[in-house]
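Have a look at the structure below, then the notes.
The values are calculated or read from the model by the stated rules, or taken from the named source; none is laboratory data. Predicted, not measured: the structure shown is a model, and the values here were computed from it. Cβ placement follows ideal geometry from the backbone for every residue including glycine, while neighbour counts extend to all protein chains displayed. Heads up: the accessible areas ignore ligands, DNA and RNA and are worked out on the full protein's heavy atoms, side chains in. Shrake-Rupley method; radii C 1.70, N 1.55, O 1.52, S 1.80 Å.
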Amino acid sequence: MSGLRLLLLTGWLLSLGTNCLAQSARMQSESIYLGDIATLLIEYEHKIPSLYALDTTQLEEDFEILDVRSRTSRLSDSEQFTNRMQWEVRMLPRRSGLLIIPSMKLGALRTPELQLEVLPLSSGAAARQTVEIEIFAEPVSPLVGQQTNVTLRLVFNTPLLDVYWSEPMVEGANILRGIAESSYSLRRDGEYYDVIERVMAVFPEVQGVLEFSPAGLRASVDALRSEEGIASPGEQRQIFRNSASLRLDVRDIPAGYTGRYWLPARELELTQRWESETDDIRVGDSIGHTITIVARGLPGKALPVDLLSGRNAAYGVYADQAVQEHWIEGRDLVGRLEQTFAIIMTHPGIVTLPEVNLKWWDVDAAVERVAVLPARSIRVLPASAGGDSEVVDILTWLRYDLVEEVAVKPVWLLAPILFTGLLWFAWRMRDGVLRKWLSAGLRRVRARQRLRRACRLGHPRQARAALLEWAALRWPEAGISGLVHVGKRFDSVTLDTELSRLDRALYAPSAASWDGAGLWHELRAAEAVARNGRTVAPQRLRALYPSAQN
């Protein structure tokens, strides 16, 4: 019985080993040329789908591992299910000769040891199947931020299939790939070659040496004739080619550069456009002023925003969001920035808008240049011809703004009639503190009136500028600079919706389609809620849960 038990145990172990041993481990081709890709195939079947990690460190002495691919599939035979696991290792021999592929561990299993013959490619065969990848840069010593074109050039005289490029990698630079690609023929030493070029734009971020990794190329070529070596007619060889490495010596910003922004470009143009005529401008009116920068050799995101900014006694400036883009002309990246500003006049008289100058560095001539928009003087008329405009403004301010400041109930709305004379007298007394307080209130009223007029006329840019000015005066400590900040002051879903509609209208192809009636209505409703001290949180809950409205 002991012999039978031993026989049964041996059979069970052999059966278990059959289910777990690698069914095959082989080289796709047992003989290749130096520079060809060798492929190791491993496959085994098991009841449990276990894709073990494949340790290829033992191969790295003789091979450069290009990639390891794995997959699993399920097979059925009658009522039995089996999982087939497969690994495909692609590697590049480092030398010619007879190379050993050592046994590798897969879980509790090991693959068999294999051999690969790597033959040197004869000079005649290499000449008939030339495949080379070259890399070069222009310029090789750029400035920080300067566009540098890195060109990959594939030179070949044999048909290529399944071409795959691995472009060079580098740290410390922004890269825009594929800005140009071309194909042409080249003659060298009396022989003609096909050429494919690819160009990528590199913008170094730091001074110093930039080291690019070599570019790589994988492709399939026709096998050599049988008398030349190892292949039969109709077969394909998989080849891999590396370029040389590339090095850029990046220079720092020139010491004598005086510009506020570092703009290394081949060309730079600064232009402006006025939205409307500047004659008969009155206090409270806004002027749309669009500034455009176009630079050859810079991306749009590198161009400066907010060239106009600030506020003074004569006017205020409110910037829209800038539009930044780029495109390719030849082998140059051309960046463009366009930004519109609303200039709101706050004081009558001759108002001079200062010149705008933008310094940049001409990389071709290696000199600093200045693009200039000249200063412009505008005659600004008083807000209105009537002598009672200040009285009307004070009444409006008391009705809509002062009530909100002191947080009183609607019964106090009769007070403006009683106190108008007192305030008007105080205004005329030129009391500095009181006049400053009243002046701020009047500016808010006028901004509100401009907002109402812009909403009624459907002018989104003027509405945005007036709304931001009014909100900045209403909550000076909040740092309001955008529509989203206005929405946060009122907890109103419907007002948020109207603000979003206004924001979209600013950048729509046709701004004339904007209807501002909804914005004006929702703003007044939100103000009324705030004045009465009611919370609008339930309104948001109802919007999120419609069933709560019933």
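A few notes on this one:
- Amide H partners (placed H, <5 Å) of ASP285, local residues excluded: MET345
- Full extension of the chain segment joining VAL170 with GLN272 gains 32.9 nm, where the gain is 0.36 nm per residue of separation less the Cα-Cα distance.
- Inverse mean reciprocal Cα-Cα distance (Kirkwood Rh) of segment 270-356, Å: 14.2
- Euclidean distance of C-alpha centroids, segment 104-123 and segment 345-369, integer Å: 69
- Taking a ≥ b ≥ c as the square roots of the eigenvalues of the Cα gyration tensor, segment 324-376 is classed as oblate, since a/c reaches at least 1.5 and a/b does not exceed b/c.
- Length released on extending from GLU43 to VAL323, taking residue separation times 0.36 nm less the Cα-Cα span: 95.3 nm
- Relative packing of 292-298, 449-455, which averages over residues the other C-beta atoms within 10 Å, highest first: 292-298, 449-455
- Cβ-Cβ FRET estimate between PHE81 and SER213, R0 fixed at 35 Å, reported to 0.05: 0.20
- Fraction of accessible area attributable to carbon and sulfur, segment 57-97 (%, probe 1.4 Å): 36
- Distance between modelled label sites at GLU30 and HIS485, nm, 7 Å Cα→Cβ extension: 7.7
- Ranking THR148, THR57 by solvent-accessible area of protein heavy atoms (1.4 Å probe, all protein chains present), from largest to smallest, gives THR57, THR148.
- Residue-wise HN-Hα couplings along segment 296-301, as the Karplus relation 6.51 cos²θ - 1.76 cosθ + 1.60 with θ = phi - 60° gives them from phi, are 8, x, 9, x, x, 6 Hz; Gly and Pro carry x.
- Put simply, the amide H of ALA180, placed in the peptide plane, has neighbours under 5 Å in VAL199, leaving out anything fewer than 5 places away on its chain.
- Solvent-accessible surface of segment 59-178, taken per residue with a 1.4 Å probe and all protein chains present: 52 Å².
- Kirkwood hydrodynamic radius of segment 95-156, from inverse mean 1/r over distinct Cα pairs, in Å: 16.6
- Amide H partners (placed H, <5 Å) of ALA173, local residues excluded: GLU205
- Assigned charges on the beta-carbon of Lys, Arg, Asp, Glu; segment 288-363 dipole about Cα centre (debye): 100
- In segment 116-251, the portion of solvent-accessible area held by carbon and sulfur atoms comes to 48 percent [1.4 Å probe, whole percent, DNA, RNA and ligands not counted].
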